[in-house]
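Here is the structure we will look at.
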Amino acid sequence: LEDAWRVSTGKDVTVAIVDTGISSGEGKLPRIPDLAKTCFVEGYNFVDDNDDPYDVQSHGTHVGSSVAESTNNDLGGVGVAFDACLMPIKVLSDSGSGSTEDIAEGIRFAVDNGAEIINMSLGGGGFSKVMFDALQYAKKENVLVFCAAGNGSRPVVEFPAAMDGCIAISSVGPKGELAPYSSHG
């Protein structure tokens, strides 16, 4: 990361985390200490249709921390782009499930509200015209969309990462090799 930080630390970039929300402290519950100095912009909760995208499940907070966790604070880890702003978009419930329609709405919200990058560490189902249209909208507006390739341990990129408009990302283990559970292709 130190080599990457010589190029950019994410300053002036907004990354939408389209997931289970983020424990950002914007709602009724406190911000987690690892994100104490992290920049946040207004997000949305498409599961409950309100402006409180708080993460009870924790997956979105984990993903957001990987992207822009506060750095040099003697807590947890380090965010890859620690100067970026996070936009929490809750499209998955507290149990981690969600609808294609909510995810597509989350993509459009992120694009319409200034995100330059969208992260979707989620997957499931097959091709969806609603999702495809939302991804094409992001692509037309020059918003980069990164999606998890999947956790199926198969040489097939799963949806939505397999759709045009997404950059599919596989997982790696501690030594940089493909994680045994990660889909790829």
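In table form, for the structure just shown:
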item: Inter-centroid distance (Cα atoms) of the stretch 1-24 relative to the stretch 114-143, Å; result: 18
item: Global geometry of the chain, whether rounded, prolate or oblate, following the gyration tensor of its Cα atoms and the 1.5 cut on a/c; result: rounded
item: Given charges at Cβ of Lys, Arg, Asp, Glu: the chain dipole, positive-most of 155, 144, 113; result: 155
item: Point-charge dipole on Cβ atoms (K/R +1, D/E -1) for the chain, about Cα centre, debye to 20; result: 460
item: Over the stretch 1-98 - Rg/Rh using Cα atoms and the Kirkwood inverse-distance radius; result: 0.98
item: FRET E, pair residue 129, residue 179, Förster distance 30 Å, beta-carbon r, rounded to 0.05; result: 0.45
item: Per residue, in Å², the accessible surface of the chain once ligands and nucleic acids are set aside, probe 1.4 Å; result: 51
item: Pairs of lysines in the chain (C-alpha under 26 Å apart; 8 or more residues apart or interchain); result: 12
item: Neighbour cut-off at most 13 other Cβ (10 Å), DSSP loop, GluC sites (Glu not before Pro), the stretch 36-122; result: 42
item: Segment residue 4-residue 50, extension gain: residue separation times 0.36 nm, minus the distance between their alpha carbons; result: 12.9 nm
item: For residue 179, distant residues with modelled amide H under 5 Å away; result: 171, 172, 173
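The values are calculated or read from the model by the stated rules, or taken from the named source; none is laboratory data. Here the structure is a predicted model, which is why all the values come from computation and not from measurement. Because the Cβ atoms are built from the backbone with ideal geometry, glycine has one as well, and the counts that use them run over all protein chains shown. Areas reflect the complete protein model, heavy atoms only, side chains present, ligands, DNA and RNA absent. Shrake-Rupley method; radii C 1.70, N 1.55, O 1.52, S 1.80 Å.
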